[in-house]
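Q: Could you have a look at this structure, given as structure tokens, before my questions?
The values are calculated or read from the model by the stated rules, or taken from the named source; none is laboratory data. Remember, predicted model here, so these are calculated numbers, not experimental data. Cβ coordinates were reconstructed from backbone atoms using ideal geometry, including for glycine residues, and neighbour counts include every protein chain displayed.
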Amino acid sequence: MRNHMTLLGMDMSRQSRRRALVLTVYALLLVMWVLTLSTHGSNEIQLLLAATIVNGFVLGGYGKHGLIKPFVTRPFRAGPVNDERDRERRDRMHFNVYRFMIALFILGYFLGLRPFQLPQVSRAMLLLGIILGPTLPQALLLWSEPDVDVEEIG
Amino acid sequence: MRKDSTRLQTENPRIYNRLAVLRAERGLSRQALAEAVGVNYQTVGFLERGDYNPSLSLAFALSEYFGVPIEAIFSPRPFQPLRTWPSQAS
């Protein structure tokens, strides 16, 4: 995570606030997921776009903004660097999400085949994967990191 | 003994440390120590509380920075208070 945890001027150093943020983000993404499922157009790209925007400006992990530092090991545009604890947590969360995503996609794939033949459920799980795949590692990091010790800065 | 060594290898045991004492003795902030050894200041807090075990390279960096052996900073067993050390008790 970044050393200065602020989002739109709000202090996010408290774990409870970060958890509230994660719940809010996924509530909004869940609404989009339901809307996408209930419409029959090919608007899946909107889900991916929403996940990308959430990563870029709220959760972070992939750029200049957001609460999580870029996941890269080397400095990103002279930004903060992940130290060994950051990298260990980053890798652990990505591994956990990787296992979950594999299970989700395999289950979704087979639910679309015989004898199940549930293409709607299969599509729903695939769309869920589009939301969770890019965002869940950052969400888990923000959820699990304890309160930031701010009194020691400086 | 065999059971203990197996546990040490598999369960990521807690490593006790004297980082907070060493840092306080030298009047260092967490930020200063973090910059000196190349980690984030939050990581120093996690190290001091025993919530995170350092890598060998970080342990060596801390040892070098404080000028004491690694085993004087880190131990798999709790450090004894100074007043109960054998040299002082006898």
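Q: For B:V68, only one of the following conditions fails: (1) surrounded by 13 or more Cβ atoms within 10 Å (Cβ to Cβ); (2) within 11 Å of B:I15 (Cα to Cα); (3) away from chain A (no Cβ under 14 Å). What is its number?
A: (2)
Q: Of everything in the stretch B:40-65, what is surrounded by 12 or more Cβ atoms within 10 Å (Cβ to Cβ), more than 24 Å from A:V148 (Cα to Cα) and without any contact (Cβ under 8 Å) to a residue 24 or more places away in the chain? Give them in sequence order.
A: B:F60, B:S63, B:E64, listed by residue number.
Q: Looking only at the stretch B:23-54, filter to residues that are out of contact with any helix residue (DSSP H, G or I) (no Cβ under 7 Å at 6 or more places or on another chain), assigned to a helix (DSSP H, G or I) and more than 9 Å from chain A (Cβ to nearest Cβ); which one of those is nearest to A:E84 (Cα to Cα)?
A: Looking at residues that are out of contact with any helix residue (DSSP H, G or I) (no Cβ under 7 Å at 6 or more places or on another chain), assigned to a helix (DSSP H, G or I) and more than 9 Å from chain A (Cβ to nearest Cβ), I get B:E35.
Q: Quick check on the stretch B:9-22: of everything there that is touching a residue at least 12 places away in the same chain (Cβ under 8 Å) and not in a helix (DSSP H, G or I), which residue is nearest to the other protein chains (Cβ to nearest Cβ)?
A: First, the residues of the stretch B:9-22 that are touching a residue at least 12 places away in the same chain (Cβ under 8 Å): B:12-20, B:22.
Adding the requirement that they be not in a helix (DSSP H, G or I) leaves B:12-18.
Numbers: B:N12: 11, B:P13: 16, B:R14: 15, B:I15: 14, B:Y16: 18, B:N17: 14, B:R18: 18 Å.
Only one residue tops the list, namely B:N12.
Q: Give just the number: which of (1) modelled with pLDDT under 90; (2) in a loop (DSSP other than H, G, I, E, B); (3) on the phi < 0 side of the Ramachandran plot; (4) within 14 Å of another protein chain (Cβ to nearest Cβ) does A:E151 not satisfy?
A: Going through the list (1) modelled with pLDDT under 90; (2) in a loop (DSSP other than H, G, I, E, B); (3) on the phi < 0 side of the Ramachandran plot; (4) within 14 Å of another protein chain (Cβ to nearest Cβ), A:E151 breaks only (2).
Q: Next up: Which one of these is polar (S, T, N, Q), surrounded by fewer than 19 Cβ atoms within 10 Å (Cβ to Cβ) and under 27 Å from B:Y52 (Cα atoms): A:N82, A:N96?
A: Working: A:N82 fails: surrounded by fewer than 19 Cβ atoms within 10 Å (Cβ to Cβ).
Sole residue among the options that is polar (S, T, N, Q), surrounded by fewer than 19 Cβ atoms within 10 Å (Cβ to Cβ) and under 27 Å from B:Y52 (Cα atoms): A:N96.
Q: Among residues belonging to the stretch A:31-44 that are without any contact (Cβ under 8 Å) to a residue 12 or more places away in the chain and part of a helix (DSSP H, G or I), point out the one that is farthest from A:E145 (Cα to Cα). Can you show your working first?
A: Quick first cut of the stretch A:31-44, residues without any contact (Cβ under 8 Å) to a residue 12 or more places away in the chain only: A:31, A:34-35, A:38-43.
Next, from what is left, pick out any that are part of a helix (DSSP H, G or I): A:31, A:34-35, A:38.
Values: A:V31: 26, A:V34: 30, A:L35: 32, A:S38: 35 Å.
Of everything passing the filter in the stretch A:31-44, A:S38 is farthest from A:E145 (Cα to Cα).
Q: Evaluate the following for A:Q120: is it on the phi < 0 side of the Ramachandran plot, in a helix (DSSP H, G or I) and in contact with a strand residue (DSSP E or B) (Cβ under 8 Å, 6 or more places away or on another chain)?
A: Here the answer is no, as A:Q120 does not meet what is asked.
Q: Further, regarding this structure: Hey, among the residues in the stretch A:4-30 that are surrounded by 14 or more Cβ atoms within 10 Å (Cβ to Cβ) and part of a loop (DSSP other than H, G, I, E, B), which one's modelled with the lowest pLDDT?
A: Looking only at the stretch A:4-30, we keep the residues that are surrounded by 14 or more Cβ atoms within 10 Å (Cβ to Cβ), and these are A:5, A:7, A:12-15, A:17-19, A:21-22, A:25-26, A:29.
Checking which are part of a loop (DSSP other than H, G, I, E, B) leaves us with A:5, A:12-14.
Details: A:M5: 80, A:M12: 90, A:S13: 88, A:R14: 92.
Ranking the candidates gives A:M5 first.
Q: Among the listed residues A:R92, A:R74, A:R99, A:R87, which satisfies the condition of being closer than 24 Å to B:V37 by Cα and at pLDDT 95 or above? Step through it out loud before you land on a result.
A: Details: A:R74 fails: at pLDDT 95 or above; A:R99 fails: closer than 24 Å to B:V37 by Cα; A:R87 fails: at pLDDT 95 or above.
The unique qualifying residue is A:R92.
Q: Moving on to the next point. Could you give every pair whose Cβ atoms fall below 8 Å, whose first residue belongs to the stretch A:60-75 and is touching a residue at least 12 places away in the same chain (Cβ under 8 Å) and aliphatic (A, V, I, L, M), and whose second residue is in a loop (DSSP other than H, G, I, E, B) and surrounded by 13 or more Cβ atoms within 10 Å (Cβ to Cβ), counting only separations of at least 6 or pairs across chains?
A: Partner pairs satisfying both residue conditions: A:L67/A:M1; A:L67/A:R2; A:L67/A:M5; A:L67/A:M12; A:I68/A:M1; A:I68/A:R2; A:I68/A:G61.
Q: Moving to a separate point now. Can you tell me how many residues in the stretch B:16-57 are basic (K, R) and in contact with a Gly (Cβ under 9 Å, 6 or more places away or on another chain)?
A: Matching residues across the stretch B:16-57 total 1.
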